[in-house]
Amino acid sequence: MISFNDTIKNGGRVLRSVLFAPKPEDFFFLTFAITYLCSSRCTMCNIWQKYKDDPHKNKEELSVQEIRNAFNRSNILKKAGIILIGGGEPFLKRDFSDIILFFKELNPAVPIIIATNGQNPGLTKQGNKDSIIYVGVSLDGMEETHERMRGIKGSYLNVLKTVETIRNIEGIYTGFVFTFTPQNYREFKSVLALSKEMKLHVTFQFVQTSGHYYDNMETHFDWTQEQIDEVRDILQETHYFDVIRKGFFIYGSRHTIIDRLMSYNRFFLEYVLEFQIHQRRNFDCYSGTHSCFLDPYGNVFPCISLGKNIGNLREQDFDALWTSSSASEIRKHISQRQCHCCSFCDIPNSLPRNLSVITSNVKNMLMSGKTLAIKNLK
């Protein structure tokens, strides 16, 4: 039972987060692509081609010692409350275990999330319960569809082997990550059914474009309104709109009025669905202020979508980069809503700071109450 005093405290915290924009020193979320080595050949992403086109480029990636030095010298990076490790395929990174263990030594309480294509089941054994909290394994459909999307024969069975390997490591959680595209969206229900059979969670994202990360700006993912309406029906049918979501990977069985007001799930889902058609952002984003994207070479970007380089860790310490005038200019660009994306890595961090989320939830709560009252009258 949540006390009245706790409710008041939570309400005060929520009010402060909405009324006051975060400062650069309020940093809490890091997305770090530790390598661009990749064992997939995805149709919607060209990261795997980076080293095919330039085989020697991978030698320019940050070493373990350079990563240690950069983080040890930074007071701001040490504040990261969540670290999302991606690639490429992060398990292919030389000294992967050393990198993960360093982060846990730096701050043992920080959850580390790994995004993997699931093509190297044996390598996932490098994880241990003291270093990783969650491993998201990409699955974009059943066997034929997934292997067409990922470009690798046998990749579907590798995914299944990977999740079985991970779930046998005590204390580490795993689940599927489904990427919606115009070519595979109808497979989501099949993946969801498989996940229930295997007793795994499923999260999802929409395919995105990025010049500095995915290297796929020339690839077009053209959705029709009919397709988006069908995706909406699928998500409603599978009750994804009903989830009370308070934060990154935080779900609960008991929800206070504050939780319901601040849950960004319904707002976010409606936004990403509409974004596929209109490609416009309708809320304040604080990527580049409370979060950033770090590439394998030490380049710091505000996020995976906006290709404005703040600077490089080999040339300047992170704290100096993060508080520089160039970083301030990029934040101004973002605050003026000159950039638009539907990134599942970055947007959920900003939505709890937006009043539009609360007003949208109030409207939905009132509509739900009105619907319930009408049903009772009948």
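No lab work stands behind these numbers, since they all come straight from the coordinates. Note that this is a predicted model, so its numbers are computed, not measured. Ideal geometry is used to build each Cβ from the backbone, glycine not excepted, and the neighbour counts take in all protein chains shown.
Values computed for the structure shown
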{"item": "Per-residue ³J(HN,Hα) for the stretch 97-111, Karplus 6.51 cos²θ - 1.76 cosθ + 1.60, θ = phi - 60°, Hz, x for Gly and Pro", "result": "4, 5, 5, 5, 5, 4, 4, 6, 5, 5, 8, x, 7, 7, x"}
{"item": "J(HN,Hα) series, the stretch 36-52, from Karplus relation 6.51 cos²θ - 1.76 cosθ + 1.60, nearest Hz, glycine and proline x", "result": "9, 4, 8, 9, 9, 9, 5, 6, 9, 9, 10, 4, 5, 8, 4, 8, 5"}
{"item": "Distance between modelled label sites at residue 242 and residue 143, nm, 7 Å Cα→Cβ extension", "result": "3.3 nm"}
{"item": "In sequence order, calculated HN-Hα J values of the stretch 269-278 (Karplus, 6.51, -1.76, 1.60; Hz; x Gly/Pro)", "result": "4, 5, 5, 5, 5, 5, 4, 4, 9, 9"}
{"item": "Local electrostatic count, residue 40, Cβ distance below 11 Å [Lys/Arg +1, Asp/Glu -1]", "result": "-1"}
{"item": "Summed residue charge, Cβ within 11 Å of residue 79's Cβ, Lys/Arg positive, Asp/Glu negative", "result": "-2"}
{"item": "Net charge of Cβ neighbours under 15 Å - reference residue 338; Lys, Arg +1; Asp, Glu -1", "result": "+4"}
{"item": "FRET efficiency, residue 189 to residue 329 (Cβ-Cβ, R0 51 Å, nearest 0.05)", "result": "0.70"}
{"item": "Full-stretch length increase - residue 217, residue 95 - with 0.36 nm per residue and alpha-carbon distance subtracted", "result": "40.8 nm"}
{"item": "At R0 = 30 Å, FRET efficiency that the Cβ-Cβ distance of residue 78 and residue 56 yields, to 0.05", "result": "0.35"}
{"item": "Those trypsin sites (Lys or Arg not before Pro) in the stretch 260-304 that DSSP places in a loop and that have at most 13 other beta carbons within 10 Å", "result": "280"}
{"item": "Flagged links, alpha-carbon separation over 18 Å, of 23/79; 59/104; 52/93", "result": "59/104"}
{"item": "Separation of the residue 337 and residue 66 label points, Cα + 7 Å toward Cβ, nm", "result": "3.9 nm"}
{"item": "Label-to-label distance, nm, for residues given as residue 277 and residue 314 (7 Å Cα→Cβ offset)", "result": "4.7 nm"}
{"item": "Using a Förster distance of 35 Å, the FRET efficiency for residue 362-residue 199 (Cβ separation, nearest 0.05)", "result": "0.50"}
